1. Applying the selection to the stretch 285-329, what residues are part of a helix (DSSP H, G or I), open to solvent by less than 10 Å² (accessible area, probe 1.4 Å) and outside the structural domain of GLY21 (by TED's automatic domain parsing)?
2. Can you tell me which residue within the stretch 180-206, out of those that are closer than 24 Å to GLY250 by Cα and of a type in the set (Asp, Glu), is least open to solvent (accessible area, probe 1.4 Å)?
3. Criterion first (open to solvent by less than 20 Å² (accessible area, probe 1.4 Å), part of a helix (DSSP H, G or I), modelled with pLDDT of 95 or more and of a type outside the set (S, T, N, Q)) does ALA20 satisfy it?
4. Please verify whether PHE92 is open to solvent by less than 10 Å² (accessible area, probe 1.4 Å), at pLDDT below 95, under 20 Å from the mean Cα position of the chain (by Cα) and under 25 Å from LEU334 (Cα atoms), treating the condition exactly as stated.
5. Search the stretch 58-86 for residues that are under 22 Å from ARG180 (Cα atoms) and of a type in the set (A, V, I, L, M, F, W, C) and pair each with any residue that is more than 13 Å from the ligand (Cβ to nearest atom) and part of a loop (DSSP other than H, G, I, E, B) when their beta-carbon atoms are under 8 Å apart and the residues are at least 6 apart or on different chains.
6. Looking at the stretch 253-281, I want the residues that are among the basic types (Lys, Arg) and have a partner that is crowded, with 20+ Cβ neighbours inside 10 Å with Cβ atoms under 6 Å, at least 6 apart or on another chain. Which pairs are those?
7. Could you grab me the full set of residues in the stretch 54-90 that are more than 9 Å from the ligand (Cβ to nearest atom), under 28 Å from THR306 (Cα atoms) and either assigned to a helix (DSSP H, G or I) or of a type in the set (Val, Ile, Thr) (or both)?
8. Return the residue satisfying two criteria in turn: it lies in the stretch 190-231 and is hydrophobic (A, V, I, L, M, F, W, C) and at pLDDT 95 or above, and of such residues it is farthest from GLU328 (Cα to Cα).
Amino acid sequence: MKKGRKDNVRVSLRVFEGFAGYGGASFALRRLKRRGFLDYKTIGFSETDPKAIELYKTNFPRVKSLGDIKKIKVEKLPDFNLFTGGFPCQPFSTAGCREGEEDDRGTLFGEIIRICEAKRPQYIFLENVQGLTSGKLRPTFEKIMYELKRIGYDCQYRLINSKDYGIPQNRLRLWIFGTRGTLPDGFELTPPKKKLRRKLKDFLDEHPDESLYRTPQQMAHIHEIHHNDVFDVPEPLCYDYYNRKVRTDGICMTVTPPQHNVVRIVEPMVNGQERFRKLTIDEHYRLMGFRIDKRGREIKYPPNQTYSELGFRAGNGWDINLVTILLEHIFSQL
Ligand SMILES: C[S@@+](CC[C@H](N)C(=O)[O-])C[C@H]1O[C@@H](n2cnc3c(N)ncnc32)[C@H](O)[C@@H]1O
């Protein structure tokens, strides 16, 4: 790996952040830069959702917004040596209808190939859902890996779960890292696992808004349709809507956009009343790896975005704790 501008910095990156969302790659790179592990500059980010662009710009005001990746003219793009992108996962997700390439968003991968074939960045770092690697979508995944190889990248892919790296969220994602030429002998994308020291209860707000709690009538309805008993828990835990039971392991199910309507917190009863609620926005973002506490907050929200808009972004975002660990692990081996 080339020396950076500063002698003590081993890695120097110029980054194109594709499908940027809130900027998961940039948040992780910023952490690594602050730690003195690397130096980086984002040459631009590509994103189409105005609310995501606004959130990104609130946190990285100096990075140029390049808009729709399909409209980017490669001859006008400055050079970069790292392409990052969590290309849209809805067409591949088990939560979606899995139309794969038949869904318009499923072919956005072709834009990664178009841009990287022309600009030839040294590294590619991609993310998607586990569903892309299995069942009827497996051929699409194989095509993606074939295309990356065809344009000159030696890639490794792994399924990696956030809960194995310090965040109590069961979030299993596909990660792909590739380099032009050949990955070093023995290169391993999966970092050593870390013991989970903090549980879901450590990621919750002290005083969530009362509007997030279900009323006793709503609780009675949930018990009726889910065929379960009153929730009497010793500490705040996650209620798994899919499997209709309280998770007793202190780990949260996958954080998804609020319209999927699944993550719920069950708290100990107060005066014999159940306490059952949705996540607050800060809780969404803590579970995506952000530091938000009394000492400060790592992400700023634009003033006028709604619960759904901010929650949607978190549900589609990158766990920045994991991405920081992954990037450090990757670039330590190059
Ligand atoms: C899975 S999310 C990526 C999340 C991101 N890595 C983060 O950390 O928040 C995919 C993103 O691609 C964006 N997107 C969809 N179509 C796009 C296009 N044509 N050009 C650029 N971005 C697009 C979506 O709006 C969405 O925010």
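The values are calculated or read from the model by the stated rules, or taken from the named source; none is laboratory data. Predicted, not measured: the structure shown is a model, and the values here were computed from it. Backbone-built Cβ (ideal geometry, glycine too); neighbour counts: all protein chains shown. Please note that ligands, DNA and RNA were not included when accessible areas were found on the heavy atoms of the full protein model with its side chains. Shrake-Rupley method; radii C 1.70, N 1.55, O 1.52, S 1.80 Å.
1. Listed by number, the list holds a single entry, TYR285.
2. ASP205
3. no
4. So PHE92 fails the test.
5. Note: pairs meeting the criteria are PHE80/PRO121; LEU82/PRO121; LEU82/GLN122; PHE83/PRO121.
6. Sorted first by the residue in the stretch 253-281, then by its partner, the pairs are ARG264/TYR239; ARG277/ILE265.
7. GLU54, LYS57, THR58, ASN59, VAL63 - these are the residues of the stretch 54-90 that are more than 9 Å from the ligand (Cβ to nearest atom), under 28 Å from THR306 (Cα atoms) and either assigned to a helix (DSSP H, G or I) or of a type in the set (Val, Ile, Thr) (or both).
8. LEU212
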